Every structure is written in C-alpha cells, then in structure tokens.
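The values are calculated or read from the model by the stated rules, or taken from the named source; none is laboratory data. Being a predicted model, the structure only gives us computed values, none of them experimental. Don't worry about glycine lacking a Cβ; one is built from the backbone with ideal geometry, like all the others, and counts go over all protein chains shown. Quick note on the areas: whole protein, heavy atoms, side chains included, nothing else; ligands and nucleic acids left out. Shrake-Rupley method; radii C 1.70, N 1.55, O 1.52, S 1.80 Å.
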Amino acid sequence: MREIRTTLQGNATGDPQTREGNDGPFTSILRIAVTPSYYDSEKGTYGDRKTEFITVFARNQLARNVLASVTKGQPLVVTGRLNSSEWTGVDGTVRHSLTVNADAIGHDLTFGRAVFTRPLKASDIPDHDPVTGEVVDRRGDDAAQTLTSDGADDEGLVAAG
C-alpha cells in the first residue's frame, strides 16, 4: 500500500480535544499551524509563506500522552500519514483540509526544553489502605507492611521497585 508519510513542524493552535468511540480507539485531535519561511535574496531577509492549519489525529496511548503533555502555543514536531478530505460547506462551497494520522508527536526542542517522563503502569501504582490511606506494600509477604510516604517500611528500609 502506498501512502504519503510526512513530518511537520508547527505550533498547537489550541489544547488537544478527545473523541472516544463506542468500540473504537481513544483519539485526541489537535490542530497545528505550520508557517514555512523562505529566504528573499533580493531583500537579503527571511519571510513567511502562507500559514497552513492541519488537523492531527492521535490514537490510543499516543492520544493519552498528547492530552497530558501538549497545550496551546507549544512548538511541536509531528510525523505520520498525510491525508486530505473534501466536503461541501453550508454555503455550497467545496472545501478541502489536510489531516495527519500521527505515529509520533513531540515538542520541538529548538524553542525550549522538555523533561520526558513515562506514565505509570497499573502495576507501579501502590495499593492504599482504604481506612488509613497509607501505602500498603505488595511484596507478597503474608503480613503486609505499611510504607511511609517516602517509600520506607516500618524498619526504615526502602521498598525495591
């Protein structure tokens, strides 16, 4: 199957939105503005071309991470499959739009810094005692030990994990 793969650099035009189908994948939708620049040799300066607005669709875990990481105005790099759609507006005019089904989305580090953190797995989230709210150790011991907020047990030993 032939498809158009592309990489875009642009800014988020708003916070990502979600769409969750009844039986389909979890999806986040993000619009980015891409403004290419060019060098004008007559003036000896750079100029901007027309800004294109592209809708980016992210699915499943990528969608969840986008929702937790991206906000309006942030510079992004998006890679994925390019698509176009055509429809007729309410005024009868035929309209076109570009979309990207994203494989990867990240912050453009040309314009700032980022800190990467992995989301917690369900197995990494500690159990809590429903009565006291304290963290309960899941090391498999018959007698469960209570951990302090810094992860140490009653004897001051830090739980391995």
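Could you check the range 15-53 and list, in sequence order, the residues that are among the small types (G, A, S) and out of contact with any strand residue (DSSP E or B) (no Cβ under 6 Å at 6 or more places or on another chain)?
Of the residues in the range 15-53, the ones among the small types (G, A, S) are 21, 24, 28, 33, 37, 41, 44, 47.
Residues satisfying the conditions are G21, G24, S41, G44.
So, A102, is that one touching a helix residue (DSSP H, G or I) at 6+ places or on another chain (Cβ under 8 Å) and in a strand (DSSP E or B) or not? Here the answer is yes, as A102 does meet what is asked.
Every test in (1) out of contact with any strand residue (DSSP E or B) (no Cβ under 9 Å at 6 or more places or on another chain); (2) at negative phi; (3) not hydrophobic (A, V, I, L, M, F, W, C) is passed by G92 save one, and that test is (2). Looking only at residues in the range 63-99 that are outside any strand (DSSP E or B) and aliphatic (A, V, I, L, M), which one is surrounded by the most Cβ atoms within 10 Å (Cβ to Cβ)? Applying the filter and picking the extreme gives V66.
Screening the candidates D40, D15 for the property of being open to solvent by 80 Å² or more (accessible area, probe 1.4 Å) and farther than 19 Å from G80 by Cα yields one hit, D15.
Within the option set R19, R2, R31, being assigned to a strand (DSSP E or B) and modelled with pLDDT under 95 holds for one residue only, R19.
Looking only at the range 43-62, count every residue that is surrounded by 12 or more Cβ atoms within 10 Å (Cβ to Cβ) and assigned to a strand (DSSP E or B) and tell me the total. Write out each step before concluding.
Looking only at the range 43-62, we keep the residues that are surrounded by 12 or more Cβ atoms within 10 Å (Cβ to Cβ), and these are 51-59, 62.
Those left that are additionally assigned to a strand (DSSP E or B): 52-59.
Qualifying residue count, the range 43-62: 8.
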